[in-house]
Amino acid sequence: MATPVDPPNGIRNEGKHYFSMWQNLFEMDTKYMPIKPIGRGAYGVVCSSVNTDNNEKVAIKKIHNVYENRIDALRTLRELKLLRYLRHENVIALKDVMMPIHKRSFKDVYLVYELMDTDLHQIIKSSQLLSNDHCQYFLFQLLRGLKYIHSANILHRDLKPGNLLVNANCDLKICDFGLARTRNTKGQFMTEYVVTRWYRAPELLLCCDNYGTSIDVWSVGCIFAELLGRKPIFQGTECLNQLKLIVNILGSQREEDLEFIDNPK
């Protein structure tokens, strides 16, 4: 639960109040009343809250020491920049960003999202029955959201069940745009090591640096297979093993089909 506490320096900033959740201090705008912590990760802690201005329930993600790690800071900035413009019912909505009192010395960032009940990873590993209608509806929403993202010239690059939020009505929303990219002028995406390995397309496993929207579509296929089988279809231990698992199921490719490989590695 959220426990009210005094500010760490004894000085209460105007328009803020303070709570402790899972041994993490939250400095929140007074219009948000925290309910309880609901998630924890390398980035920090997420809590459910109520916006007392309109009684809307939201999720607030605290990213601790955002500038401590350059990569984490870039991921946060990338997500902020993209979600400011993306508006679709199958893409998570960024509701607010809590502005720090001291803009030159702040360390923590608070992002406010619409609140969802769980994610697809938790559903797949649960004992919840998934009918064909469930699987089709989840797939439809995922493809619908992805079509919108691709129409904005954006690749998500990290689609996996844990990044697909779901509520009690089976509504699905794509989240976590920290690895997303827009195309450069040559239509290329230069980073090789994106997408969690089990959902990584063959062109990424083969170190290609000229790839496109198909890498997200491959991830969708892996997610759909996992929905049907209730376990990941390709559980590789490293990149070469991942490729072997794919070839074992899908078969090897003709030499002319591999001409797209442009990286000597």
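Summary table
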{"read-out": "Output for the range 146-189, where each listed residue is at pLDDT 95 or above and acidic (Asp, Glu)", "value": "171"}
{"read-out": "All positions within the range 215-243 that are β-branched (Val, Ile, Thr) and touching a residue at least 60 places away in the same chain (Cβ under 8 Å)", "value": "215, 217, 220, 223"}
{"read-out": "Qualifying residue in the range 171-178 (condition: touching a His at 6+ places or on another chain (Cβ under 6 Å) and either under 25 Å from residue 215 (Cα atoms) or not assigned by TED's automatic domain parsing to the domain that holds residue 222 (or both))", "value": "no"}
{"read-out": "Condition check for residue 133: in a loop (DSSP other than H, G, I, E, B), in the same structural domain as residue 211 (by TED's automatic domain parsing) and either among the charged types (D, E, K, R) or farther than 15 Å from residue 172 by Cβ (or both)", "value": "no"}
{"read-out": "Selected residue (criterion: surrounded by the fewest Cβ atoms within 10 Å (Cβ to Cβ)) from residues of the range 27-40 that are touching a residue at least 60 places away in the same chain (Cβ under 8 Å) and under 15 Å from residue 51 (Cβ atoms)", "value": "29"}
{"read-out": "Residue in the range 166-178 that is closer than 15 Å to residue 217 by Cα and touching a strand residue (DSSP E or B) at 6+ places or on another chain (Cβ under 7 Å) present", "value": "yes"}
{"read-out": "Some residue of the range 95-112 being of a type in the set (S, T, N, Q) and in contact (Cβ under 8 Å) with a residue 60 or more places away in the chain", "value": "no"}
{"read-out": "Any chance residue 80 is within 21 Å of residue 173 (Cβ to Cβ) and not polar (S, T, N, Q)", "value": "yes"}
{"read-out": "Residue satisfying condition, being part of a helix (DSSP H, G or I), modelled with pLDDT under 95 and on the phi < 0 side of the Ramachandran plot, within set 226, 203, 192", "value": "203"}
{"read-out": "Looking only at the range 117-131, and only at residues there that are buried (at least 19 other Cβ atoms within 10 Å of the Cβ) and free of Cβ contacts under 8 Å to residues at least 60 places away in the same chain, the one that is farthest from residue 166 (Cα to Cα)", "value": "123"}
{"read-out": "Scan of the range 79-110 for residues that are of a type in the set (A, V, I, L, M, F, W, C), within 20 Å of residue 64 (Cα to Cα) and either assigned to a loop (DSSP other than H, G, I, E, B) or not assigned by TED's automatic domain parsing to the domain that holds residue 46 (or both), ordered by number", "value": "99, 101, 106"}
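The values are calculated or read from the model by the stated rules, or taken from the named source; none is laboratory data. In this text, all values refer to a predicted model and were calculated from it rather than measured experimentally. Positions of Cβ are backbone-derived with ideal geometry, glycine not excepted, and every protein chain shown enters the neighbour counts.
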